[in-house]
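Since every read-out is calculated from the coordinates, none of them should be taken as a lab result. Values in this document were obtained by computation on a predicted structure and should not be read as measured data.
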């Protein structure tokens, strides 16, 4: 997907335009990305995964569950509040 998109950019821009898509974390597990983010001091409290368009993450959609599991696997608490709290293993 990213290689095709890179070719689309090359085809749709001037030759002197240098845009490169890089995906440094594409092969990492979500828990490894979280650990790396913590090492780098990334503001994980500003990240969002929930499919719902609400002020608080739902805690029940697939994306929330994957996020909760990844934080559990990383061994760190998720900094986001959730409307519904479920075990990440469920």
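Each helix, a run of at least 4 DSSP H residues, gives -39500 (n - 2.57); summed and divided by the residues of the chain, these come to -12000 deg cm²/dmol at 222 nm. Both radii were evaluated on the Cα set of the range 28-74; the Rg over Rh quotient, with Rh as the Kirkwood radius, amounts to 0.98. Equivalent-ellipsoid semi-axes for the chain (Cα gyration tensor, √(5λ), whole Å, largest first): 32, 16, 12.
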